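The values are calculated or read from the model by the stated rules, or taken from the named source; none is laboratory data. Note that the structure is predicted; figures quoted are calculated from it, not measured. Please note: Cβ atoms are built from the backbone with ideal geometry, for glycine as well, and neighbour counts cover all protein chains shown. The area values use the complete protein model at the heavy-atom level, side chains included, leaving out ligands, DNA and RNA. Shrake-Rupley method; radii C 1.70, N 1.55, O 1.52, S 1.80 Å.
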Amino acid sequence: INSVTIELPDSLLKKLNGLLPEGIYLPSNPSGGLSKKALSDMLVYSANSDHTLIIGDLGQNSETEILIERFFEEFKGWTTIANDTVELIGNVPNKILQRGKVNIVLNYKQLQKLMTKAKYKSAITSNLSLNGLSEILIELTNEYDISIVTYYLDKCIYSYKGEVGVAEISEDYNHIATKTATWIMQNPGKIFPALSSA
């Protein structure tokens, strides 16, 4: 990666006490999360980047939720999301799925919740076999231009455009989100091989 832009709520400026001077501090709301005023800057930085990673820990407040929804409505480039960002899109999952170009790194409960809210035709239950989940992910990623990375039965399972892979790696969502974002950024025309390499 040539350069990285780190966007943070300006509520962290004092807390970090100069530890991240290269960070870009965007307007925050009273609860400390990013405010709606951050949208224009987020869109500019993402438009000038090859890939956007929203790692999470954004805070569960309605203003940040609206900000993330608006971001996905206006920005069309490849974006990786993880952790509580997945929950912030939970009220508009169909918009995100239909938008496409999203790499979603999430735990199994988040996957179940997301697909339930999206009213997806195949149920993701807790008694699925690994093959059963694979079939649903193949179906899901064939229908939408998204990639999914999750954990089930102590395995990392990932899928894109009807292909599915399984890996035995530790369950670290931040690490996986960062690695998959990097590989997708470097290989935008080869998403599944990028996921496999990550």
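Quick look at the values:
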item	result
The one condition in (1) modelled with pLDDT of 95 or more; (2) open to solvent by 10 Å² or more (accessible area, probe 1.4 Å); (3) assigned to a helix (DSSP H, G or I) that L133 fails to fulfil	(2)
Enumeration of residues in segment 153-180 that are in contact with a Leu (Cβ under 7 Å, 6 or more places away or on another chain), open to solvent by 10 Å² or more (accessible area, probe 1.4 Å) and in a helix (DSSP H, G or I)	T178
Enumeration of residues in segment 8-34 that are open to solvent by 50 Å² or more (accessible area, probe 1.4 Å) and touching a helix residue (DSSP H, G or I) at 6+ places or on another chain (Cβ under 6 Å)	Y25
Test for I184: is it β-branched (V, I, T), under 12 Å from the mean Cα position of the chain (by Cα) and open to solvent by less than 20 Å² (accessible area, probe 1.4 Å)	no
Candidates T85, T150, T116 - the one that is assigned to a helix (DSSP H, G or I), touching a strand residue (DSSP E or B) at 6+ places or on another chain (Cβ under 7 Å) and among the β-branched types (V, I, T)	T85
Number of the condition not met by I104 [criteria: (1) farther than 24 Å from N2 by Cα; (2) within 14 Å of the chain's Cα centre (by Cα); (3) at pLDDT 95 or above]	(1)
Residue within segment 40-49 that is outside any helix (DSSP H, G or I) and within 21 Å of the chain's Cα centre (by Cα) present	yes
Odd one out for T125, checked against (1) within 16 Å of the chain's Cα centre (by Cα); (2) open to solvent by 30 Å² or more (accessible area, probe 1.4 Å)	(1)
Number of the exception - K37 against (1) touching a strand residue (DSSP E or B) at 6+ places or on another chain (Cβ under 9 Å); (2) crowded, with 16+ Cβ neighbours inside 10 Å	(2)
Hey, T52 at pLDDT 90 or above, closer than 21 Å to I176 by Cα, of a type outside the set (A, V, I, L, M) and surrounded by fewer than 16 Cβ atoms within 10 Å (Cβ to Cβ) or not	no
Counted residues, segment 57-86 - those being of a type outside the set (D, E, K, R) and either in contact with a Pro (Cβ under 6 Å, 6 or more places away or on another chain) or open to solvent by 10 Å² or more (accessible area, probe 1.4 Å) (or both)	10
Considering residues of segment 24-78 that are out of contact with any Lys or Arg (no Cβ under 9 Å at 6 or more places or on another chain) and charged (D, E, K, R) only, the residue farthest from N187 (Cα to Cα)	K37
Residues of segment 87-101 that turn out to be under 21 Å from N142 (Cβ atoms) and open to solvent by 30 Å² or more (accessible area, probe 1.4 Å), as a count	5
Cβ pairs under 7 Å, 6+ apart, first in segment 76-105 and on the phi > 0 side of the Ramachandran plot, second open to solvent by 30 Å² or more (accessible area, probe 1.4 Å) and of a type in the set (K, R)	K101/K76
Flag if I6 is out of contact with any Phe, Trp or Tyr (no Cβ under 7 Å at 6 or more places or on another chain) and touching a residue at least 40 places away in the same chain (Cβ under 8 Å)	no
